[in-house]
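The values are calculated or read from the model by the stated rules, or taken from the named source; none is laboratory data. This one's a predicted model, so the numbers in the text were calculated from it and none came from an experiment. When we count neighbours, we look across all protein chains shown, and the Cβ atoms used for this are built from the backbone with ideal geometry, even at glycine.
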Amino acid sequence: MSNRESTSRTLMVALAVSLVSSVFVAGAAVSLKPLQTQNRLLDKQRSIAAIAGMNGRELPAAQVRALFGDTIKARLVNLETGDFADDFNAETFDPLKAAKDPQLSLRLSKDEDIASIKRRERFTTVYMIEDAQGGIETLILPIRGYGLWSTLHGFMALKGDLNTVVGLGFHQHAETPGLGGEVDNPRWRGQWEGKQLFDEQGAVAVQIVKGGVDPQSAAAIHQVDALAGATLTSNGVDNLLKFWLGEQGFGPFLAKLRSKEA
């Protein structure tokens, strides 16, 4: 057999193996996609339940899924009008995907975009826990914004007064472990419980303070310690909260809820 024939056969075998491998990998990816989607949804639901104070990280998967629909209700919100909406299915609507669609999102100006997200979706999904009278016991809002290295994606849970924080946490980010990554630290997250987001005039007053909160200060009810050694991540969290609580975020929605609660 000539060297040319030997080389040709080797290339043919390599090509055949590559094709078979490609088909196998593609088939595995397709078959596993539904499971991956379910796992991502479960992880998000665990985060929401945990931030709402329901021990979502410790509950079995079946109990977490049961919470959604029975206790925690998904509602679609039109961020431009501040009204609940039924344009899409709240349980399956993807706000991040919508933020990339020019028809379903708004490009933010430099002055507006203090959270550095570039585009804001026109609709988003919030989560609610109702009390026995059908009022709001807990409201969970999705939040996101850029830190030092990444966009931080999380949720913030509020009491029925729409001012007092139940919990805050980020379930996805790529900040530096031990520094900005301390947004995951339970001790830092625990500082948020009981803090008030707005002052008596209704203005956004929440603030992350470098150097530590003075517990004797009247402003302490609105303040949380900055992350040690992570100024830019701390500033990012501060900015994203001001964005999502302001007029470009959930400001109109919260105002309408308050008027209905009054």
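Quick notes on this structure:
- Lone unmet requirement of (1) among the acidic types (Asp, Glu); (2) modelled with pLDDT of 95 or more; (3) surrounded by 13 or more Cβ atoms within 10 Å (Cβ to Cβ) for Asp101: (3)
Here is a yes/no grid of residues against (1) assigned to a strand (DSSP E or B); (2) in the same structural domain as Glu137 (by TED's automatic domain parsing); (3) aliphatic (A, V, I, L, M); (4) under 22 Å from Ala52 (Cα atoms):
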{"position": "Ala90", "(1), (2), (3), (4)": "no, yes, yes, yes"}
{"position": "Phe93", "(1), (2), (3), (4)": "no, yes, no, yes"}
{"position": "Lys97", "(1), (2), (3), (4)": "no, yes, no, no"}
{"position": "Gln103", "(1), (2), (3), (4)": "no, yes, no, no"}
{"position": "Lys110", "(1), (2), (3), (4)": "no, yes, no, no"}
{"position": "Ile114", "(1), (2), (3), (4)": "no, yes, yes, no"}
{"position": "Arg120", "(1), (2), (3), (4)": "yes, yes, no, no"}
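- Phe253 vs. criteria crowded, with 19+ Cβ neighbours inside 10 Å and over 13 Å from Ile114 (Cβ atoms): yes
- The C-beta contact set for the range 86-114 (first residue over 17 Å from Ile143 (Cβ atoms), second residue among the β-branched types (Val, Ile, Thr) and in a strand (DSSP E or B), distance under 6 angstrom, 6+ apart or interchain) comprises Ala90/Thr125.
- Between Glu175, Glu182, Glu247, the distinction of being in a helix (DSSP H, G or I) and either closer than 24 Å to Leu79 by Cα or in contact with a helix residue (DSSP H, G or I) (Cβ under 8 Å, 6 or more places away or on another chain) (or both) belongs to Glu182 only.
- Of all residues in the range 216-244 being of a type in the set (A, V, I, L, M, F, W, C) and over 28 Å from Lys110 (Cβ atoms), the one that is surrounded by the most Cβ atoms within 10 Å (Cβ to Cβ): Ile221
- Taking the range 147-157 as the range and being in a strand (DSSP E or B) and surrounded by 22 or more Cβ atoms within 10 Å (Cβ to Cβ) as the test, the residues that pass are Leu152, Gly154, Phe155, Met156, Ala157.
- Within the range 192-210, residues that are farther than 17 Å from Lys159 by Cα have Cβ atoms under 8 Å from residues that are exposed (fewer than 13 other Cβ atoms within 10 Å of the Cβ) in these pairs: Gln207/Ala219, counting only partners at least 6 apart in sequence or on another chain.
- Positions within the range 40-54 being within 10 Å of Phe155 (Cα to Cα) and exposed (fewer than 15 other Cβ atoms within 10 Å of the Cβ), in sequence order: none
- Failed item, numbered, when Asp238 is tested on (1) acidic (Asp, Glu); (2) without any contact (Cβ under 8 Å) to a residue 40 or more places away in the chain; (3) not in a helix (DSSP H, G or I): (3)
- Count - residues of the range 57-98 that are touching a helix residue (DSSP H, G or I) at 6+ places or on another chain (Cβ under 8 Å) and of a type in the set (Ser, Thr, Tyr): 1
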